[in-house]
Amino acid sequence: MFGFRTVLVGDPSFLKDLFSPSVHSPFLRRMPLLPGFKELGMDKEGLLLNLDISKWRHNRKFFQQSLSPPSFIELSTLYTRDCCEEMMTYWNDIKIDQVVRLDEWYRAFTSDMMGLVAADSKEESLKILYKKTVDSNAKLSFELENVDLNDLNKLSNGEQYRRLRSDYADAIAFFVFIPKFFWNLPWFRQKCKYFRQVLVALSQFEIKFIKERKAMIDDQKYINNITIDTNKNIINSNWNGNKVRSDFLTMLLTMNNDSNPSPEDIKQNIREMFGAGTGTTTTSLCTIAYLLSKHPEVEQRMVKEILSVIGPSKNVGSFDLSKLVYTEAVIYEAMRLYPVIPITFRFTPEITTQIDGHSFPPNTIFGINLSHIQRNEKYFKDPNTFNPERFLGNWRETLPTFAFSPFGQGMRSCPGKHFAMTEMKVILATIYRKYTFKLVNPKEPLHLKFTLVNDISKLEVFLEKRKLE
Ligand code: HEM
């Protein structure tokens, strides 16, 4: 792969070194240095492809710390719930026989929600999708496609960021998958120039935004404006107020007084929170919806649990989530069958690696085949059957180490896993109390497109309001 010898590993007992939890592990890199990573600035910034181990350690510490405080968890629960409510308000206008692209709704949802959680900046993707759904000919004042990069400031902050991020995703695909040799050929040259402009414009936008927030924090001091009422409901006291909220950006700027990360580091962390946190959750939510539609008895049991823990109308609070054990099992089982990242990678330029008596020279890429391991009948009875029960009780003690790793393992495992699990539970608990989805084409397989990650490309459903006895 990419001109490097690549070995696929499909046995969890071979993963002790590759998934080592040690800070001194020689496998702290994911990929070798490729020209595209350099062009994107990802070789020395952020986490995902960072090869500069001391910078990666520094960023990882800030990233993880910023996602952990209870006030951040409360805030993300609140934002997730509010975005669910907004989405369901739009769904009120959708007719019972109208085909609904659930993948598009979940994509818009995660985009809006992540904008709020990351930087209190709403992208209005749900609103745009709603307008398009109810009137396919609608001329939208905030239609973004025709706005030139130089005229971006005519758009609201959320819209500018949405547009730049969408082009940034294309820039990543271009620089990672098109070999450098092509970048100067006629058709590619124009594209390459455009994507370089996107990278500059996106950085300028983000750095400006970060500096403004820093000034706000210095000005106002840090204010956590989440309050909880006597019924343990979170009160959204200041949705449009100008106080500083405890979102991911504020956390990054305020938590670490000893050695604040630079705006450049923060910029990449926020970018990766979006990049790694929106598509992954969208795909997982769609696989869950698909599997539940095919297994109504599982859905019924999950809804029963949600109603008994939270009730039919009370707001879902973060303190309810640990009681949703069956709902959690449903999420795990969907991620076992359809891991969003079916293969994750480790790379070392330093040592010869020994696996099961074989030697692999330095600069070998190891592809860890999570998808294969998670469908192996050695570890999972009837591996192709959707059966959330296998994740109830003491499954953690009985399953071999590394046999179930939808968020990876070791030092480079997913730092967003607790956040993603919280978010998915809140979404399921909020939406499934009110709605159920019926597949338009029950015989169709799940439409997953593989480009290093599994991305849902289409999920068509009919929406039905749930009738509670
Ligand atoms: C269902 C949702 C998600 C799934 C299934 C998922 C899965 C994964 C996996 C498998 C990896 C590679 C781990 C490894 O190589 O050992 C990863 C890495 C990563 N994820 Fe997630 N993820 C999800 C959501 C999120 C969210 C919400 C965020 C941000 C808040 C996030 C941020 C990251 C980052 C930054 C990395 C790279 C870490 C590093 O290289 O140090 N992910 N994720």
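The values are calculated or read from the model by the stated rules, or taken from the named source; none is laboratory data. What you see is a predicted model; the values in this text were computed from it and never measured. Glycine gets a Cβ as well: all are built from the backbone with ideal geometry, and neighbour counts include every protein chain shown.
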(request) Go through the stretch 331-350 and give me each residue that's crowded, with 21+ Cβ neighbours inside 10 Å, within 22 Å of Leu18 (Cβ to Cβ) and charged (D, E, K, R). (result) Arg336, Arg346
(request) Output yes when any residue across the stretch 436-443 is surrounded by 16 or more Cβ atoms within 10 Å (Cβ to Cβ) and among the charged types (D, E, K, R), and no when none is. (result) no
(message) Could you go through the stretch 398-406 and let me know if any residue there is of a type in the set (Ser, Thr, Tyr) and more than 24 Å from the chain's Cα centre (by Cα).
(response) yes
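For the stretch 348-359, which residues satisfy the criterion of being within 26 Å of Asp52 (Cα to Cα), more than 28 Å from the chain's Cα centre (by Cα) and in a strand (DSSP E or B)? Don't jump to the end; show me each part of the working.
Filtering the stretch 348-359 down to residues within 26 Å of Asp52 (Cα to Cα) leaves 348-355, 359.
From what is left, the residues that are more than 28 Å from the chain's Cα centre (by Cα) are 349-355, 359.
Scanning the stretch 348-359 gives Thr353, Gln354, Ile355, Ser359.
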(request) Among the candidates Gly416, Gly410, single out the residue that is touching a helix residue (DSSP H, G or I) at 6+ places or on another chain (Cβ under 7 Å), within 15 Å of the ligand (Cβ to nearest atom), of a type in the set (Gly, Ala, Ser) and touching a residue at least 40 places away in the same chain (Cβ under 8 Å). (result) Gly416
(message) Which count do you get for residues in the stretch 266-316 that are away from the ligand (no atom under 16 Å from the Cβ), among the small types (Gly, Ala, Ser) and in a helix (DSSP H, G or I)?
(response) 2
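Taking the stretch 312-330 as the search range and keeping residues that are farther than 14 Å from Thr422 by Cβ and modelled with pLDDT of 95 or more, which one is surrounded by the most Cβ atoms within 10 Å (Cβ to Cβ)? Before you say what the answer is, go through the steps one by one.
First, pick out the residues of the stretch 312-330 that are farther than 14 Å from Thr422 by Cβ: 312-315, 325-326, 329-330.
Cutting the leftovers down to modelled with pLDDT of 95 or more gives us 325-326, 329-330.
Details: Val325: 14, Tyr326: 19, Ala329: 22, Val330: 27.
Step by step, filter the stretch 312-330, then rank; the result is Val330.
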(message) Of everything in the stretch 335-391, what is more than 16 Å from the ligand (Cβ to nearest atom), touching a Ser or Thr at 6+ places or on another chain (Cβ under 7 Å) and small (Gly, Ala, Ser)? Give them in sequence order.
(response) Ser359
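For the stretch 44-70, which residues satisfy the criterion of being touching a Lys or Arg at 6+ places or on another chain (Cβ under 8 Å) and either near the ligand (Cβ under 9 Å from one of its atoms) or not hydrophobic (A, V, I, L, M, F, W, C) (or both)? Step through it out loud before you land on a result.
Residues of the stretch 44-70 touching a Lys or Arg at 6+ places or on another chain (Cβ under 8 Å): 44-53, 55.
Across the stretch 44-70, the qualifying residues are Lys44, Glu45, Gly46, Leu47, Leu48, Leu49, Asn50, Asp52, Lys55.
Which helices (runs of 4 or more DSSP H) does the stretch 360-468 wholly contain that include 2 or more residues that are polar (S, T, N, Q) and out of contact with any strand residue (DSSP E or B) (no Cβ under 8 Å at 6 or more places or on another chain)?
417-431
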(message) For the stretch 371-392, give me each residue that is within 16 Å of Val9 (Cα to Cα) and of a type in the set (Lys, Arg).
(response) Arg375, Lys378
(request) Select from the stretch 23-43 the residues that are of a type in the set (A, V, I, L, M, F, W, C), surrounded by 20 or more Cβ atoms within 10 Å (Cβ to Cβ) and more than 11 Å from the ligand (Cβ to nearest atom) and list them in ascending order. (result) Leu34, Phe37, Leu40
(request) Scan (1) more than 7 Å from the ligand (Cβ to nearest atom); (2) in contact with a Gly (Cβ under 9 Å, 6 or more places away or on another chain) for the single condition Ile431 breaks and write down its number. (result) (2)
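Can you name every residue in the stretch 17-44 that is assigned to a loop (DSSP other than H, G, I, E, B) and either closer than 20 Å to Phe177 by Cβ or without any contact (Cβ under 8 Å) to a residue 24 or more places away in the chain (or both)?
Quick first cut of the stretch 17-44, residues assigned to a loop (DSSP other than H, G, I, E, B) only: 17-28, 30-34, 40-44.
Matches in the stretch 17-44: His24, Arg30, Met31, Pro32, Leu33, Leu34, Leu40, Gly41, Met42, Asp43, Lys44.
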(request) Could you grab me the full set of residues in the stretch 71-89 that are away from the ligand (no atom under 14 Å from the Cβ) and either of a type in the set (Gly, Ala, Ser) or within 30 Å of Arg30 (Cα to Cα) (or both)? (result) Ser71
(request) Considering every residue within the stretch 322-329, establish whether at least one is within 22 Å of Phe386 (Cβ to Cβ), in contact (Cβ under 8 Å) with a residue 24 or more places away in the chain, touching a Phe, Trp or Tyr at 6+ places or on another chain (Cβ under 6 Å) and not small (Gly, Ala, Ser). (result) no
(request) Please go through the stretch 45-66 and pick out each residue that is of a type outside the set (S, T, N, Q), more than 16 Å from the chain's Cα centre (by Cα) and in a helix (DSSP H, G or I). (result) Ile53, Lys55, Trp56, Arg57, His58, Arg60, Lys61, Phe62
(message) Go through the stretch 329-347 and report how many residues are within 25 Å of Ile306 (Cβ to Cβ), touching a Leu at 6+ places or on another chain (Cβ under 6 Å) and outside any helix (DSSP H, G or I).
(response) 1
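Quick check on Val303: is it under 22 Å from the mean Cα position of the chain (by Cα), under 19 Å from Tyr435 (Cα atoms) and touching a residue at least 24 places away in the same chain (Cβ under 8 Å)?
Working: under 22 Å from the mean Cα position of the chain (by Cα): no; under 19 Å from Tyr435 (Cα atoms): yes; touching a residue at least 24 places away in the same chain (Cβ under 8 Å): yes.
No; evaluated as a whole, the condition is false for this residue.
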(request) Can you confirm whether the stretch 287-304 contains a residue that is in contact with a Pro (Cβ under 8 Å, 6 or more places away or on another chain) and among the charged types (D, E, K, R)? (result) yes
